[in-house]
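Take a look at the structure below.
Every number here is computed from the coordinates shown, using simple stated rules; none is lab data. Just so you know, these numbers come straight off a predicted model, no measurement behind them. Cβ: placed from backbone, ideal geometry, glycine included. Neighbour counts: every protein chain shown.
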Amino acid sequence: MSVIAAAEPVVQPALAERLDGYVSRAQTAARAFRELGQEAVDRIVWAMVVAGLRGAVELAELAMEETGFGVFEDKVVKNYIATEFLYDYLKDKRSVGVIDEDPERGIEYVAEPIGVVLALTPITNPTSTVLFKAIVAAKTRNAIVFRPSARAARCAQRAVEILQKAGDEAGLPRDALQVIPDPTLDVSQYLFHHRGVDFIWTTGGPKAVAAANEAGKPCVSVGPGNAPVYIHRSADVRMAVVDMLISKTFDSSVICPAEQTCVIDDAIWDETVEELERMGARLLSGDDVERLAELAFAPDGSVEMRALGQSCLNLGSLAGFEATADDKVLLAALPSDPAELAAHPLVREKLMPVLGLVRSPSVEHALEVCELVTEQGGLGHTSAVYATDDDVVRRFAERIRTGRILVNAPTAVGALGGVYNSMTPTFSLGCGTWGGSVTTDNVNYRNLLNVKTVSRRQAPAQWFRVPSNTYFNPGAIDSLRQLKAAQALLVTDPQAEGRGVADEVRAHLDGTGVHVFSEVGPEPGEAVIRRGVKVVDELRPELLIAVGGGSVIDAAKAMRLFHESPELSLDELTLPFLDARKRVANYPEIEHSVRLVAMPTTAGTGSEVSPAAVLTVGGRKATLVDYSLVPDMAVVEPRLTLSMPPTLTADSGVDALTHALEAAVSIFASPYTDAFCVQAVYQILPNLPRAFEHPDDLEARTAMSNAATIAGLAFSNAFVGVNHALAHAVGARFGIAHGRANAIFLPHVLRYNAALPSKFMPAPGYTAYVAPEKYAQIGWIIGLGGRTEAEQRERLFARVEQLLDDVRMPRSLEAAGVSRAEFESSLPELARAAFEDASIRTNPRIPLVRELAQLLEEGFHGR
Ligand SMILES: NC(=O)c1ccc[n+]([C@@H]2O[C@H](COP(=O)([O-])OP(=O)(O)OC[C@H]3O[C@@H](n4cnc5c(N)ncnc54)[C@H](O)[C@@H]3O)[C@@H](O)[C@H]2O)c1
Ligand SMILES: [Fe+2]
């Protein structure tokens with residue numbers, strides 16, 4: 001199974017076989033691991049933690065011996081952090097099966113292991129990193145194969161031995177922990193590209209990070225740092241000084257988050273440097289700084305191994321200046337000028353107890369210097385700011401690009417988490433994309449899991465909203481008497497005013513000053529709305545009374561909206577949307593300052609109860625929809641409809657029928673709206689022809705007025721569908737009245753929605769394609785008969801067609817006066833407009849553009 005990608009370094013066959021052996025044993029271990037439950041895993045973790053704690057001192061000794069640098073006592077502390085602190089963090093965490101859940105959103109998170117993890121560990125934290133990664137791997141049920149730094153392989157191996165022994169006794173699968181000590185780069189490369197390795201977890205220098213990332217496998221790679229520290233004049237200087245000395249001396253500063261360059265405000269420079277010296281730091285002379293700079297880095301810019309992790313005393317003797325065993329940290333004053341500083345060798349990461357100092361005249365300069373330091377190899381890693389001025393902390397946090405920003409705390413010990421703060425304990429400090437990492441996290445068990453999201457189906461709750469008051473039947477107009485207002489504005493059209501509507505309203509509003517705005521014509525556009533708003537703005541009435549057809553009522557809704565929220569624009573409010581509940585357009589959520597009363601003079605639109613207002617904008621019909629548009633009161637006075645000529649009776653009545661038939665099959669239909677749909681159809685079928693033939697038949701008028709409002713209540717909650725989308729498109733293009741445009745398409749749309757959809761509308765509440773059944777149900781409930789579902793449905797469709805003929809609706813666009821040439825030239829544009837119409841969002845099937853074109857064709861030709 002020595003499968004490696006072509007053109008990658010190839011190792012000798014015998015070595016390859018040996019390496020394959022490690023990986024395949026790890027795979028077997030990983031399979032066994034996956035079978036274990038949380039309790040078994042936690043037993044293993046406990047045993048490993050205990051063994052690691054017991055071995056902490058021995059391992060620190062070994063690390064000192066093998067690497068030859070650092071501070072023994074601190075290495076012990078690191079081993080404790082990697083076991084005790086880690087355990088404290090992990091002990092109640094779930095890492096097997098369901099690890100998290102969100103019942104409200106119906107979501108569970110299920111954890112799975114990754115499989116085989118290849119872990120690179122650094123020379124700087126050689127045993128603590130192994131302890132940490134091994135325990136995290138066990139917690140997540142992953143097999144782990146270590147590639148320790150070549151010069152820290154023995155102590156790493158010993159750490160693994162200790163953990164393996166304890167693990168074995170607690171049930172850790174065999175070979176779940178392994179070390180491959182071969183020092184060559186080829187071996188690493190071979191493993192990086194090995195098919196059996198699922199994940200690479202690198203802690204190391206920039207080269208190791210780059211090589212791991214280049215392998216093209218999922219990985220978390222964390223690299224070097226170069227931490228700047230800013231001491232603002234508002235800082236607690238004594239605390240800052242002790243913190244930095246604790247941190248900079250910690251394991252001789254070989255730990256990557258350690259402080260590297262400290263930027264000190266001018267105002268507190270002397271005080272801070274004096275305090276540093278008093279606490280045991282040595283300020284170097286200019287010449288000594290030069291000498292140290294020469295020692296610290298090899299000619300190629302990498303850290304000089306002789307200097308790595310050495311004490312101040314050793315550094316002094318190596319560089320040729322005086323230092324004592326009591327010196328804790330060497331202070332190197334660096335240039336304040338950013339350009340000079342950038343060129344200085346000591347601006348880089350110094351893995352030894354050497355701290356750069358920069359004097360800063362301003363916060364801005366200090367931030368610039370800290371930024372500059374991070375750009376010298378520390379981007380993404382760690383930084384710190386000492387200040388009590390929150391504004392400075394905020395500016396620092398916004399500006400400096402490091403994964404960890406410590407406030408008033410040391411970086412080396414602080415970044416590992418758990419000592420000075422509540423960060424996640426880690427020995428793997430994500431550096432973000434800036435440092436070649438996928439994360440800025442303090443990497444821990446979460447990063448070593450494949451977390452599966454189990455998301456249960458959820459259908460959002462539905463609603464049934466109606467206006468607070470609806471008055472109906474002859475005499476309903478008397479209900480106006482209960483309205484108390486000093487000023488009312490009557491919105492209407494010129495014809496209605498001519499019919500004496502204004503006087504009638506006035507007669508019912510004793511003591512109220514009634515002004516009239518009667519400029520609203522059919523299909524109102526922006527201009528008339530703007531004029532209306534101006535009148536409302538000037539008059540400031542408490543009451544708007546809209547008396548007229550849908551056009552008037554819609555105009556009044558828009559007038560109130562723009563009067564109350566002048567900052568809104570039609571453009572924004574008519575933005576397209578996929579789901580009205582998530583739409584981008586922002587309708588105001590305010591208490592209305594003006595009450596709106598709607599009195600329809602037609603029986604059709606349902607606008608008196610609906611949340612919609614249809615306006616003509618730029619030659620197209622645009623629909624505003626929001627429950628804030630619903631009138632506060634609907635007065636459905638059938639006597640106001642007696643004056644309708646037969647064509648208007650027919651047009652508006654068919655509109656009401658279309659509302660009911662579209663709402664019935666909508667994806668938002670509910671038992672509530674269904675009841676209204678059925679009743680509306682039941683009333684309209686016999687009464688519309690009666691009202692059409694006998695305009696004075698008050699009984700038929702009353703039934704029609706009520707049916708239109710009832711259908712309005714249904715579509716206010718379930719909305720309409722593709723029929724309205726088509727009607728809006730041709731209505732605007734050819735100037736065909738809304739109701740007749742609906743009539744032209746209705747028979748075709750009924751058959752279209754009753755057929756098997758080519759594309760279903762995704763809707764969690766629509767659990768099966770029930771549109772065909774719903775039509776049949778309506779036919780059956782209203783008594784049209786039929787033995788089978790198909791028959792019931794056919795009878796409804798036939799009855800609808802008969803009604804359209806009875807009220808002499810044009811049955812095609814051609815019959816409505818549209819020429820073939822006109823139709824053909826505008827067909828693509830019409831299909832497009834219908835597709836963009838918000839009405840299709842609730843249609844049970846998604847109309848494809850070509851299907852819309854087909855429906856338009858059918859509408860043009862008719863039967
Ligand atoms: N807001 C909604 O929920 C909703 C729903 C469907 C349709 N609409 C819209 O409503 C408009 C259509 O409304 P409509 O069908 O009520 O027609 P309409 O308001 O456009 O009026 C049409 C014509 O009929 C006249 N008229 C109205 N009532 C009369 C009466 N009693 N006697 C004599 N003449 C009368 C008007 O003066 C006008 O000239 C369209 O713009 C349509 O898009 C809105
Ligand atoms: Fe309509």
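Å³ per residue of the Cα convex hull, for the range 769-863? List each step's numbers first, then the result.
Values: hull volume 11.1 nm³, N = 95.
Cα-based convex hull of the range 769-863, divided per residue, equals 117 Å³.
Using a simple charge model, +1 on the beta-carbon of Lys and Arg, -1 on the beta-carbon of Asp and Glu, nothing else, what dipole does the chain show about its Cα centre, in debye to the nearest 20?
On the way: 81 positive and 109 negative charges, 541 e Å.
Roughly 2600 debye for the chain.
What's the FRET efficiency of HIS694 with GLU589 using the Cβ-Cβ distance as r and R₀ = 35 Å, to the nearest 0.05?
Working: r = 46 Å, r/R0 = 1.32.
Efficiency, from the Cβ-Cβ distance: 0.15.
Over the range 146-259, what lengths in whole Å, largest first, do the semi-axes of the equivalent ellipsoid take, defined as the square roots of 5 times the eigenvalues of the alpha-carbon gyration tensor?
On the way: eigenvalues 246, 82, 33 Å².
With the √(5λ) rule applied to the range 146-259, the semi-axes are 35, 20, 13 Å.
Rank the residues ASP42, ASP806 as a footprinting-exposure proxy: fewest other Cβ atoms within 10 Å of their Cβ go first.
Working: ASP42 21, ASP806 15.
Fewest to most other Cβ atoms nearby, the residues stand as ASP806, ASP42.
Take the eigenvalues of the Cα gyration tensor for the range 561-610, scale each by 5, and report the square roots as semi-axes in whole Å, largest first. Intermediate results must be reported in sequence, preceding the final value.
Working: eigenvalues 106, 59, 21 Å².
Result for the range 561-610: semi-axes of 23, 17, 10 Å.
How would SER221, SER336 line up from fewest to most surrounding beta-carbon atoms within 10 angstrom? Show your work: numbers first, answer last.
Values: SER221 26, SER336 17.
With the sparsest Cβ surroundings first, the list reads SER336, SER221.
Looking only at Cα atoms, what is the convex hull volume of the range 579-711 per residue, in Å³? Walk me through the numbers before you get to the answer.
Numbers: hull volume 17.4 nm³, N = 133.
Looking at the range 579-711, the number lands at 131 Å³ per residue.
Looking at the range 114-180, I'd like the Rg to Rh ratio, where Rg is from alpha-carbon atoms and Rh is Kirkwood's inverse mean 1/r. Could the numbers behind the result be given before it?
Details: Rg = 10.8 Å, Rh = 11.5 Å.
With Rh from the inverse mean 1/r over Cα pairs, Rg/Rh is 0.93.
Tabulate in residue order the Karplus-calculated ³J(HN,Hα) for the range 378-387, using 6.51 cos²θ - 1.76 cosθ + 1.60 with θ = phi - 60°, rounded to whole Hz; enter x for Gly and Pro.
Taking θ as phi minus 60°, the curve returns x, 4, x, 7, 9, 8, 9, 9, 10, 6 Hz for the range 378-387.
Once amide H atoms are built 1.01 Å from N in the peptide plane, which residues 5 or more positions from VAL635, or in another chain, come under 5 Å H to H?
TYR471, ALA598, MET599
Per residue of the range 403-413, what does 6.51 cos²θ - 1.76 cosθ + 1.60 with θ = phi - 60° give for ³J(HN,Hα)? Whole Hz please, x for Gly and Pro, Karplus curve as stated.
Couplings: x, 10, 10, 8, 10, 6, 7, x, 7, 4, 6 Hz.
Provide, in order from the shortest bin, the percent of all Cα-Cα pairs of the range 207-352 in each 10 Å bin, continuing until the bin that contains the maximum pair distance.
Calculated over all Cα pairs of the range 207-352, the distribution is 11, 38, 34, 12, 4, 0 percent.
Of the chain, which part is the longest with no GluC sites (Glu not before Pro) in a loop (DSSP not H, G, I, E, B) and with at most 13 other C-beta atoms within 10 angstrom? Don't skip to the answer; put the middle values down first.
Values: sites that count: GLU35, GLU322, GLU567, GLU589, GLU591.
It runs 36-321.
What value in Å³ per residue do you get for the convex hull of the alpha-carbon atoms in the range 415-548?
Values: hull volume 45.0 nm³, N = 134.
Considering the Cα atoms of the range 415-548, their hull volume per residue is 336 Å³.
Each residue of the range 461-478 in turn: what ³J(HN,Hα) in whole Hz from Karplus with 6.51, -1.76, 1.60 and θ = phi - 60°, glycine and Pro shown as x?
Those phi angles translate into 4, 9, 9, 9, 10, 9, x, 5, 9, 10, 10, 9, 6, x, x, 4, 4, 4 Hz.
Using only the alpha carbons, work out the radius of gyration and Dmax of the range 690-840 in angstrom.
16.9, 47
Let me test this: with uniform point scatterers at the alpha carbons of the range 514-672, what is the Debye-based log₁₀ I(q)/I(0) at q = 0.09, 0.10, 0.12 1/Å?
Evaluating at q = 0.09, 0.10, 0.12 Å⁻¹ gives log10 I(q)/I(0) of -0.29, -0.36, -0.53.
Amide H neighbours of ILE107 under 5 Å, counting only residues 5+ apart in sequence or on other chains, H built in-plane at 1.01 Å?
Correct list: ASP102, ARG456.
Taking N as the number of residues in the range 227-270, what is its Cα Rg relative to 2.2 N^0.38 Å?
On the way: Rg = 10.9 Å, N = 44, 2.2 N^0.38 = 9.3 Å.
Ratio of Cα Rg to 2.2 N^0.38 Å: 1.17.
Tell me whether the range 411-456 comes out rounded, prolate or oblate; compute the Cα gyration tensor, take square roots of the eigenvalues as a ≥ b ≥ c, and use a/c under 1.5 as the rounded threshold. Mind showing how you got there, number by number?
Numbers: a/c = 3.06, a/b = 1.60, b/c = 1.91.
It is oblate, given that a/c is not under 1.5 and a/b is not larger than b/c.
Report, for the range 573-678, the % of DSSP beta bridges that are antiparallel, rounded to 5. List each step's numbers first, then the result.
Values: 6 of 8 bridges.
Given both bridge residues lie in the range 573-678, the antiparallel proportion sits at roughly 75 percent.
How large is the direction-averaged shadow of the alpha-carbon convex hull of the range 24-144, in nm²? It would help to have the intermediate numbers written out before the result.
Details: hull surface 34.2 nm².
Seen from a random direction, the Cα hull of the range 24-144 projects 8.6 nm² on average.
Return the lysines within reach of LYS91: Cα separation strictly under 25 angstrom, same-chain partners fewer than 8 residues apart disregarded; answer none if there are no such residues.
LYS75, LYS78, LYS133, LYS139, LYS165, LYS452
At each listed q (0.07, 0.08 Å⁻¹), what is the log10 of I(q)/I(0) that the Debye formula gives for the chain modelled as equal alpha-carbon point scatterers?
-0.75, -0.80
Mind running the shape call on the range 302-421? Use the C-alpha gyration tensor, a ≥ b ≥ c as the square roots of the eigenvalues: rounded below 1.5 for a/c, prolate if a/b tops b/c, oblate otherwise.
Numbers: a/c = 1.95, a/b = 1.48, b/c = 1.32.
The shape class here is prolate.
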